[in-house]
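Beneath this line is the structure, given in structure tokens, with notes to follow.
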Amino acid sequence: MKVLLLGGTGEARALASHLVATGIDVTSSLAGRVARPRLPVGEVRIGGFGGVDGLRRALAEYHAVVDATHPFARGISTNAALACDAENVPLIRLARPGWEPQESWRYVDSHADAAVVAARLGSRPFLTIGRQELAQFIPDLGEHHVLARVVDVPDVTIPSSWKLITSRGPYTLDGERALMRSHASDVLITKDSGGSFTWPKLAAAAELGVPVVVVARPPSPSGVATVSTVDEALVWVLTQ
């Protein structure tokens, strides 16, 4: 049996490790958008497939697909659903649960909406939504004193009033609290990624009384079974 694991998340790396340990032939596919990705065990391919048609051709080598990409990686999840349906290849989605909503959080449907809401709430935002979406915040927050944290330096030119820091989680509550205090952050902008790696910033915001703007998750492709834990995904693979 050969499994294609669409990865890039901690859950994907954990699943790859379990699959290799059980003797399953697994190939982890990474999008290649991060300069120094954390690599899973086993075979790894980096780069896109060339849309739905390219992924359909690639599926000739695999018996099953696990989509364990980031909850906001809507493009590849949609392509996987279409390709697997067309080629009759079993597919499951492994998606970590979103965070439990808090009363003080403001949920929005898009990054553009998050920029509008954050501009009303504060003048020193802490922006933690990833480098690919930074451009959407410039029109509304270009004059604000933004602290933008990303893994890799973005392609877009950021405003002179912004401060950019590059780092990779997991983060600690003490570190996040100190960072937000040093910047005098008065609003936190994030997306509903779920998990524990970046939760400390939300805990720090609660302690400091900083409002939080949360970009809601896009809907999952219809008709695709979804599990929320690595163990559930492993059981599914072993029963194919």
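The values are calculated or read from the model by the stated rules, or taken from the named source; none is laboratory data. Quick caveat, the model's predicted, so the values are computed rather than measured. Glycine gets a Cβ as well: all are built from the backbone with ideal geometry, and neighbour counts include every protein chain shown.
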Just to confirm my filter: which strands (runs of 3 or more DSSP E) fall fully inside the stretch 84-201 and include at least 1 residues that are closer than 29 Å to residue 65 by Cβ and out of contact with any Lys or Arg (no Cβ under 6 Å at 6 or more places or on another chain)? 91-94, 187-191
Any chance the stretch 37-53 includes a residue that's closer than 19 Å to residue 239 by Cα, outside any strand (DSSP E or B) and touching a residue at least 24 places away in the same chain (Cβ under 8 Å)? no
May I ask you to list the residues in the stretch 210-226 that are β-branched (Val, Ile, Thr), farther than 18 Å from residue 177 by Cα and part of a loop (DSSP other than H, G, I, E, B)? 224
Going through the stretch 225-235 one residue at a time, which ones are more than 18 Å from the chain's Cα centre (by Cα), surrounded by fewer than 17 Cβ atoms within 10 Å (Cβ to Cβ) and in contact (Cβ under 8 Å) with a residue 60 or more places away in the chain? 225, 232
How do the pairs read when you match residues in the stretch 193-207 that are of a type in the set (A, V, I, L, M, F, W, C) with residues anywhere that are surrounded by fewer than 18 Cβ atoms within 10 Å (Cβ to Cβ) and in a helix (DSSP H, G or I), using Cβ under 7 Å and keeping only pairs 6 or more apart or on different chains? 203/173; 204/173; 204/177
Can you tell me which residue within the stretch 56-83, out of those that are in a loop (DSSP other than H, G, I, E, B) and either crowded, with 18+ Cβ neighbours inside 10 Å or on the phi > 0 side of the Ramachandran plot (or both), is modelled with the lowest pLDDT? 73
What are the residues in the stretch 15-33 that are loosely packed, with under 15 Cβ neighbours inside 10 Å and in a loop (DSSP other than H, G, I, E, B), if any? 22, 23, 32
Look at residue 187 and say whether it is surrounded by fewer than 19 Cβ atoms within 10 Å (Cβ to Cβ), in contact (Cβ under 8 Å) with a residue 24 or more places away in the chain and either in contact with a strand residue (DSSP E or B) (Cβ under 9 Å, 6 or more places away or on another chain) or assigned by TED's automatic domain parsing to the domain that holds residue 232 (or both). no
Test: residue 97 is within 21 Å of residue 162 (Cβ to Cβ) and surrounded by fewer than 19 Cβ atoms within 10 Å (Cβ to Cβ): no
